[in-house]
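The values are calculated or read from the model by the stated rules, or taken from the named source; none is laboratory data. From a predicted model like this one, the values you see are computed outputs, not experimental measurements. Note that each Cβ is placed from the backbone with ideal geometry, even for glycine, and that neighbours are counted across all protein chains shown. Just so you know, the surface numbers come from the protein's heavy atoms only, side chains and all, with ligands and any DNA or RNA stripped out. Shrake-Rupley method; radii C 1.70, N 1.55, O 1.52, S 1.80 Å.
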Amino acid sequence: GKFVTFVGGEWTSSDFGHHNFIYPGSEGVIIRSSDPNQNTLSRLYAVALNHKALIIVNHPASPGYNFDWDKGHDPEVERLAEVYSIAGVNEIPPGPGNSFPTRQRKGKPLYGNFIVDGLKKGFRLGMIGVGDTHDGRPGDALHALQKTPGYKDLLKPGLMGVWAKDLTRESVFDALWNRRVYGTTNNRTWLKFSINGHPMGSEIKANGKIAIKVEAASNLIIRRIDLVRNGETVRFLEPKRLETSWSPKEKATFNGTWYYVRVTLNDDHLAWSSPIWVNMS
C-alpha cells in the first residue's frame, strides 16, 4: 500500500537506442534486442502490442545512443518519453528553457531528436522524469557520492508525477498509458494542466474555443510558467510564488494543435506537463 511495482525491462539497441517496456499485470515476456526476432523497432512494437506492454523512449537526444525519431514509432504502444534523467534534459536543445542540457561526455546532443522534434512529427508522447541510475534506489542522488569516474558529474535523478485514481498497479498503469503524467528535475512540484476540463495527455475536440487551466505548487519558488504551443512559447507567467493558478487565453485554429507547460523554478529546476492535443470539431 506504499508503492507500486511493474514487470518490465530495458530494450537496449546500438542501432535504435534505448526503450523501456512495462506490462500492466504481474507477468510479461523478456524482450531482448539481441534476439533476431526482437532486434528491430517494428519487432519490439509487435511483441509489445501482442502482450499489451507500454513502451517508453529513453534519453532520445543523449549522445552515444544512436536514437533517431525517423527510424520508427508506433503510437499504439510507444506513448511516453524521458524528458529528464541524470543525463540531462531531452525536451528542447540547450538554451532558454533548458538549464540542464544532456551530458557531453559522449559528444554533442542529437539535434533533431529532442522530444519536441518527435511531437512536431505528430507523435503523441507524454513526458516523464526518471532516474536511469541503474542502482536500485529510485529518486535519490547518492551517485554524487561515488568516486567512480563519470558518476560524480551526473545530475540528480528525475521524478515523475502520476494522476491516478489510487495507488494500485491497474490505476497507475492506466494513468501512464493515457499520459496523465509529468516530469521534474528532482523537485517536488505538484502540477495540473487541462484544456476544456480534459487532463494532460488527452486528445480532444474543440470548436476553436479552449479554456486552459494550469495549477502548480512546489517546494521551490515558481519563477516562470511557459505555455508551449506546437513547440513555441506563446504565453508565459512569472508568479514568483510557491503556488499559483493560471488561465491563459488561447484559441485553437487548426487540427493537431498541441500544448504543454514548462515550469521554471528556483535553482534552474524544471517541471513539464504532458501535452494535450486539440482537433477541430
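Under the condition of being assigned to a loop (DSSP other than H, G, I, E, B) and within 15 Å of G129 (Cβ to Cβ), the residues counted in region 148-173 number 6. In the set (1) within 24 Å of I86 (Cβ to Cβ); (2) crowded, with 19+ Cβ neighbours inside 10 Å, the condition left unmet by D267 is number (2). For the residues G201, G118, the requirement of being in contact with a Gly (Cβ under 9 Å, 6 or more places away or on another chain) and closer than 25 Å to F67 by Cβ singles out G201. Filtered by the rule that a residue be in contact (Cβ under 8 Å) with a residue 60 or more places away in the chain and of a type in the set (A, V, I, L, M, F, W, C), region 202-227 gives I204, A206, I210. The residues of region 240-249 that are open to solvent by 20 Å² or more (accessible area, probe 1.4 Å) and not hydroxyl-bearing (S, T, Y), listed by number, are K240, R241, L242, E243, W246, K249.
Among the residues of region 123-137, those that are closer than 30 Å to F236 by Cα, part of a loop (DSSP other than H, G, I, E, B) and open to solvent by less than 40 Å² (accessible area, probe 1.4 Å) comprise F123, L125, V130, G131.
Can you tell me which residue within region 115-171, out of those that are in contact with a Phe, Trp or Tyr (Cβ under 8 Å, 6 or more places away or on another chain) and among the β-branched types (V, I, T), is modelled with the lowest pLDDT? Checked region 115-171; the qualifying residue modelled with the lowest pLDDT is V130. A search for C-beta distances below 9 Å between a residue of region 243-259 that is more than 21 Å from R179 (Cα to Cα) and any residue that is of a type in the set (S, T, Y) and outside any strand (DSSP E or B), counting only pairs 6+ apart in sequence or on different chains, returns nothing. Look at region 31-48: where a residue is in contact (Cβ under 8 Å) with a residue 24 or more places away in the chain and a partner is in a helix (DSSP H, G or I), sitting 6+ places away or on another chain with Cβ atoms under 7 Å, you get Q38/L44; Q38/V47; L41/K71. For region 77-97, taking the residues that are of a type outside the set (V, I, T) and open to solvent by 10 Å² or more (accessible area, probe 1.4 Å), the one that is nearest to P275 (Cα to Cα) is identified as R79. For region 174-203, the set of residues classified as open to solvent by 10 Å² or more (accessible area, probe 1.4 Å) and in a strand (DSSP E or B) consists of Y182, W190, K192, S194, H198, P199, E203, listed by residue number. The listed residues are L237, L167, and the only one of them that is among the hydrophobic types (A, V, I, L, M, F, W, C), surrounded by fewer than 21 Cβ atoms within 10 Å (Cβ to Cβ) and in contact (Cβ under 8 Å) with a residue 40 or more places away in the chain turns out to be L167. In region 77-90, of all residues being of a type in the set (V, I, T) and out of contact with any Pro (no Cβ under 7 Å at 6 or more places or on another chain), the one that is farthest from F114 (Cα to Cα) corresponds to V77. Residues that are more than 23 Å from E243 (Cα to Cα) and β-branched (V, I, T) were ranked within region 204-230; the one that is surrounded by the most Cβ atoms within 10 Å (Cβ to Cβ) is I210.
With respect to H59, is the statement that it is part of a loop (DSSP other than H, G, I, E, B) and either under 30 Å from R169 (Cα atoms) or free of Cβ contacts under 8 Å to residues at least 60 places away in the same chain (or both) true? Answer is yes for this residue. One residue stands out among those in region 29-76 that are of a type in the set (G, A, S) and open to solvent by 40 Å² or more (accessible area, probe 1.4 Å): the one that is farthest from G118 (Cα to Cα), which is S34.
Of all residues in region 138-162, those being open to solvent by 70 Å² or more (accessible area, probe 1.4 Å) and either aliphatic (A, V, I, L, M) or under 20 Å from the mean Cα position of the chain (by Cα) (or both) number 5. Applying a threshold of 6 Å to beta carbon distances and a minimum spacing of six or more residues, or different chains, the list of pairs starting in region 123-135 at a residue that is under 14 Å from E10 (Cα atoms) and ending at one that is of a type in the set (D, E) reads V130/E82.
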